[in-house]
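Only the coordinates and a few stated rules stand behind these numbers; no lab work does. All values reported here derive from a predicted model rather than from experimental measurement.
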């Protein structure tokens, strides 16, 4: 068994993780349910683009459920091999599935704007089940590689994971083949982490940023064409009120996209590269710093689909109607007793 100091450190780390992630996870789950119900209730939204977005919401919902367990990967716990693989492989699969779904949604909207004539003939429109298989199967296969033998379970004792404290002998149950010490380094080899970060995650984020920037450039060019046609019709050289409103709307869009990237993607990029630096330097991390970075980084990234969904009034219209009905009923019930008192 671990000594009192290690037990208290592990308990305090878990408490900090739950204190940060449980409120954030609850908010993500509820917001996803609201948007998903909005898509399900509105039959006009039952088309392929919204099916892709619904799949993204399902992945985001699962990520919200797994959010409290992802930062726990940074803690050393006493678990068997099968249990250790489950608590590491399954959250990693949900995270990668969320990322693949997010890329697919951005790609589908990118093609809709860049090449609208070819949009309806895309392979993912002709074969929607195949598209779902593309965004769910590869993450599952890659995340399951440690379960098929690509792991460090019989490797060295990283950061004295199996020792009761530093400069002490390992515990009796920490033999190379039958250890109960569960650490992310025992599950994920360095090559696996590098491949996931720089071969999957970072290219996906760069692809999303590139497609978003390209869409903004196309939107800017189309807006200039509209303003030029408007001036030719009006035969004026100065910008009209309509042109100013279009420019203001575009500026708001750019600001919203920039703030979303800064608030949602930058924290995760910082967390990802800090983890890689610690992994390369083989330095023992500060548990508090790692917990705060992991919770804020992964949680902020999970908010991206909610920003896309809540900004669309079609998705939130059913929930708004329900809230208005409840508000009207509450007002009528409140006004009824007041009128009786007045009489």
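Overview of results
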| item | result |
| --- | --- |
| Gyration tensor (alpha-carbon) shape descriptor, segment 1-133, a/c threshold 1.5 | prolate |
| Shape of segment 41-105, Cα gyration tensor, a/c cut at 1.5 | prolate |
| Shape of segment 21-64, Cα gyration tensor, a/c cut at 1.5 | oblate |
| Segment 121-140 versus segment 19-70: alpha-carbon centroid distance in Å | 19 Å |
